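See structure below.
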Amino acid sequence: MSFFNQDKKFQSNRKLNGLSFLTDEQKVNSGSNLDGLDFSSTVKKIEFPLNAQSIKPKVAFLHCCLSSLKIANLLFTNYIYGSMENYNDSIGINFENIFCNSEVVNNKLRLINLSLKNGKRIKTIFSACINIDFKKYAIYESYITNEYTQVSDGVGKGKFRAFSIYDVENINSEKEESWLIVFLLDPHHLVCPVPSKGKSRDEINEIEYKKVKGFNCSLEELFQKKVSRNAIKKELINWLD
């Protein structure tokens, strides 16, 4: 069963307020509890890369993606530095980009393999903001970049990541549409850090977490600042409630 109500027609440029994820009783709680939904019918689809030209999912957002978390024992936080300058730094630019041009979620994608060594840690982080059965859903990581990223890191990836649930609406019909549903933003690349310069994944995780663990500005605050300055127009965002 899909997230989407089969009787509704969706448009990528309109707000999706009041949307029921299910055709029967709604089983969501504040847009973050999706437990019990059946992803088995779309398993074959996730065997192919979503960035293939034949598959360009539409993008929607759960409100929980604006929630900032700090999980010290897992060396994770997505709070940001609280000065006004931060709203126009690389994080601010990428944050604005994802909400003004949601297609960036499709640009660079990686399927998350939760069966690997760090899978338990990753699932615990994901579970702090969304309740799903990880055996039924494909989770994708997107690299959110801007025109300066290539200059800053040399490989054009940067640190900003977005995590999405993949789903298909109206599966096996003429109206079939693929969707990526963003539920978590990771501006510091702490969910899935990678080994670098002779240091292990865990060492990189600890080093990067120490740099940002004292930050206390939430992503919700950044969002509201961007909205108040008309840098982000929230009425144009596809929200799933």
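The values are calculated or read from the model by the stated rules, or taken from the named source; none is laboratory data. Since this is a predicted model, take the numbers as computed values, not measurements. All Cβ positions, glycine included, derive from the backbone under ideal geometry; neighbour counts span all protein chains shown. Keep in mind that these areas ignore ligands, DNA and RNA; they rest on the heavy atoms of the full protein, side chains included. Shrake-Rupley method; radii C 1.70, N 1.55, O 1.52, S 1.80 Å.
Results, tabulated for the structure shown:
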item	result
Matching residues, segment 162-202, being open to solvent by 30 Å² or more (accessible area, probe 1.4 Å), modelled with pLDDT under 85 and in a strand (DSSP E or B)	177, 196
Selection within segment 222-231 - under 16 Å from residue 80 (Cβ atoms) and either among the basic types (Lys, Arg) or touching a residue at least 60 places away in the same chain (Cβ under 8 Å) (or both)	222, 223, 225, 226, 231
Subset of segment 215-241 (residues that are among the aliphatic types (A, V, I, L, M) and open to solvent by less than 20 Å² (accessible area, probe 1.4 Å))	219, 222, 232, 237, 240
Those residues of segment 72-84 which are modelled with pLDDT of 95 or more, open to solvent by 30 Å² or more (accessible area, probe 1.4 Å) and either closer than 19 Å to residue 234 by Cβ or not in a helix (DSSP H, G or I) (or both), in sequence order	75, 79
Selection within segment 203-214 - open to solvent by 50 Å² or more (accessible area, probe 1.4 Å) and in contact (Cβ under 8 Å) with a residue 40 or more places away in the chain	206, 213
Hits in segment 89-103 (condition: assigned to a helix (DSSP H, G or I) and either under 13 Å from residue 188 (Cβ atoms) or not aromatic (Phe, Trp, Tyr) (or both))	90, 91, 92, 93, 94, 95, 96, 97, 98, 100
Residue under evaluation residue 147, criteria (1) under 15 Å from the mean Cα position of the chain (by Cα); (2) modelled with pLDDT under 95, criterion not met	(1)
